[in-house]
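Novice: Shown below is the structure under consideration.
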Amino acid sequence: MAAGDHTVLQLSTPSTANLSAKVHPLVIFNICDCYVRRPDQAERVIGTLLGSVLPDGTVDIRNSYAVPHTESAEQVALDIEYHHNMLVSHQKVNPKEVIVGWYSTGLGVTGGSALIHDFYSREVQNPVHLTVDTGFRNGEGTIKAYVSVNLALGDRQLAAQFQEIPLDLRMVEAERLGFDILKTTAVDKLPNDLEGMEVTMQRLLALIDDVYKYVDDVVEGRVAADNSIGRFISDTVASLPKLSPSVFDKLVNDSLQDQLLLLYLSSITRTQLGLAEKLNTAAQIL
């Protein structure tokens, strides 16, 4: 090989030295809401970021929406048709908002991130990848932004590397209060109907126990009687319908059967949508 002939390992990408992103609190709230409402089998949420590029080159992220996906160790499949339909709907409301990148929940970049980033690179030039730690470990939400850097050997592209860029999360005082409350609320998933009913019944039983204790304390003379509390308890008891145990059991069982039927129908619908999504994705790939 001649002395002047050599292969150079280089990073081929637009300069990220002056590139930065700014995210509005609405986007973080929306991502966290989508995360707690995610399907049972999903470990994370993936979605599209909308906004604009400011004259100084800052990527202004103002809105987002989740995109259904299926993920395994080998591949990630996005519902592309759903993504395009949601984009058209958003741009009817605000045509100035365009795709600026995509987001995922969790800490940092994962193995399938490069595949998803490659798809969004065909949607917009140099998309931003936003990661949001919805676990709020140690009471802090880790929010980071990345861009992709192509690692090339000569004319041959080898891989893509994610490079972190500065991210600005600006909030007014009211938004700051909401974000602080969000960080202290440890909710991984919204309860289903049966779980919600169970929690409600437990709280109701606890309140009834408190009322029983108060009445016993008043009767035994341990607590002074309060006429307003007594009238409130009397009105509450008088408002209860007079039902025999058999009628009450029948009403509860009928309501429970209705709830179970709704759960069964929703499960069938979810299965049908999942099959349709996989067939759609397979048809687009083929």
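The values are calculated or read from the model by the stated rules, or taken from the named source; none is laboratory data. Since the structure is predicted, the reported quantities are computational estimates derived from the model, not experimental observations. Cβ placement follows ideal geometry from the backbone for every residue including glycine, while neighbour counts extend to all protein chains displayed. We work out accessible area using only protein heavy atoms, side chains counted, and drop any ligands, DNA or RNA first. Shrake-Rupley method; radii C 1.70, N 1.55, O 1.52, S 1.80 Å.
Novice: In the stretch 52-69, what count of residues is obtained for those that are more than 15 Å from the chain's Cα centre (by Cα) and of a type outside the set (D, E, K, R)? Explain how you work it out, then say what you get.
Specialist: First pass over the stretch 52-69, keeping only residues more than 15 Å from the chain's Cα centre (by Cα): 52-62.
Subsequent filtering for residues that are of a type outside the set (D, E, K, R) retains 52-55, 57-59, 61.
Here the count works out to 8.
Novice: Next question, about the same structure. For the condition within 16 Å of Leu169 (Cβ to Cβ), open to solvent by 50 Å² or more (accessible area, probe 1.4 Å) and not assigned by the TED database to the domain that holds Glu277, what is the one hit in Arg37, Arg62? Give the derivation first.
Specialist: Values: Arg37 fails: within 16 Å of Leu169 (Cβ to Cβ).
The conditions single out Arg62.
Novice: Go through the stretch 203-232 and give me each residue that's open to solvent by 100 Å² or more (accessible area, probe 1.4 Å) and of a type in the set (Ser, Thr, Tyr).
Specialist: Residue satisfying the conditions is Tyr212 alone.
Novice: When both residues are 6+ apart or on different chains and their Cβ atoms are under 8 Å apart, which pairs have a first residue that lies in the stretch 209-222 and is on the phi < 0 side of the Ramachandran plot, and a second that is in a loop (DSSP other than H, G, I, E, B) and surrounded by 10 or more Cβ atoms within 10 Å (Cβ to Cβ)?
Specialist: From the stretch 209-222, the pairs are Tyr214/Val223; Asp217/Val223; Val218/Ala225.
Novice: Taking into account only those residues within the stretch 230-248 that are among the aliphatic types (A, V, I, L, M) and more than 43 Å from the chain's Cα centre (by Cα), which is modelled with the highest pLDDT?
Specialist: Going through the stretch 230-248, the residues among the aliphatic types (A, V, I, L, M) turn out to be 233, 237-238, 240, 243, 247.
Keeping just the survivors that are more than 43 Å from the chain's Cα centre (by Cα) gives 238, 243.
Numbers: Ala238: 83, Leu243: 74.
Once the filter is applied, the top-ranked residue is Ala238.
Novice: Quick check: anything in the stretch 70-79 open to solvent by 20 Å² or more (accessible area, probe 1.4 Å) and closer than 25 Å to Phe179 by Cα?
Specialist: No, the stretch 70-79 contains no residue that is open to solvent by 20 Å² or more (accessible area, probe 1.4 Å) and closer than 25 Å to Phe179 by Cα.
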